[in-house]
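The block underneath contains the structure these notes are about, expressed in structure tokens.
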Amino acid sequence: MKTAIAYLSYSGNTAETAEIIETKLRSTGAMVDMHRIGIDRPLNPARYDRLFIGTFTWERGSTPDEVKDFVREIGYKPDNIAVFGTGDTQFGGDDLFCLAADKLVTFYASKWEALKIEQSPRGAQENKIDNWLKGVLQHEPIFA
Ligand SMILES: Cc1cc2nc3c(=O)[nH]c(=O)nc-3n(C[C@H](O)[C@H](O)[C@H](O)COP(=O)(O)O)c2cc1C
């Protein structure tokens, strides 16, 4: 199983989440390429069985420009995309929490709900990552 994890992170939370997902996937024997959105060379999704996209949410629920550019760069809607996001409920409560991740799920008609992490994924939220990842790996929609 060849997997890419593409993510954007300014202050490290989304990168940490990406790295935890990477470690867990590698432990299942998957080959994983990490892709830093806006930094690494363009990614060809067709080379991967599975593509994870991770984003934080920016002002008033918006999607960071780098992620929008990345989506444009891909140019089509692969059907193997799973989305994770980090956010902070202090910025507008549940309505805006990780909204950028939700928007990507809708845009790609992803089979899976977005994984939503409040700030750093370390600690209690690692369980949440485990459960979500299990759902993705089983190809089953999950309802978190
Ligand atoms: C100016 C600003 C606006 C933000 N707006 C939102 C928001 O609308 N919704 C949300 O869930 N998080 C919001 N956040 C929180 C970030 O998404 C959160 O800190 C995220 O984990 C940062 O990711 P990173 O550490 O990978 O850069 C905002 C943060 C900042 C600094």
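Odds and ends about this structure:
- Where Ile20 falls short, out of the listed (1) of a type in the set (Val, Ile, Thr); (2) out of contact with any Phe, Trp or Tyr (no Cβ under 8 Å at 6 or more places or on another chain); (3) in a helix (DSSP H, G or I); (4) over 17 Å from Lys128 (Cβ atoms): (4)
- When the residues of the stretch 82-114 are filtered to those that are near the ligand (Cβ under 7 Å from one of its atoms) and assigned to a helix (DSSP H, G or I), the one that is farthest from Leu43 (Cα to Cα) is Leu96.
- Subset of the stretch 119-135 (residues that are without any contact (Cβ under 8 Å) to a residue 60 or more places away in the chain, under 16 Å from Asn13 (Cβ atoms) and not in a loop (DSSP other than H, G, I, E, B)): Lys128, Trp132
- Options Phe84, Phe97; residue that is open to solvent by less than 30 Å² (accessible area, probe 1.4 Å) and either within 14 Å of Ala18 (Cα to Cα) or among the aliphatic types (A, V, I, L, M) (or both): Phe84
- Residues of the stretch 28-43 include at least one that is in a loop (DSSP other than H, G, I, E, B), more than 11 Å from the ligand (Cβ to nearest atom) and under 19 Å from Asn131 (Cβ atoms).
- Subset of the stretch 59-81 that is among the polar types (S, T, N, Q) and within 13 Å of the ligand (Cβ to nearest atom) - its residue that is most open to solvent (accessible area, probe 1.4 Å): Ser62
- Only residues that are of a type in the set (D, E, K, R) and open to solvent by less than 20 Å² (accessible area, probe 1.4 Å) were counted in the stretch 1-58, giving 1.
The values are calculated or read from the model by the stated rules, or taken from the named source; none is laboratory data. Worth saying up front: this structure is predicted, and the values here are computed from it rather than measured. Please note: Cβ atoms are built from the backbone with ideal geometry, for glycine as well, and neighbour counts cover all protein chains shown. We work out accessible area using only protein heavy atoms, side chains counted, and drop any ligands, DNA or RNA first. Shrake-Rupley method; radii C 1.70, N 1.55, O 1.52, S 1.80 Å.
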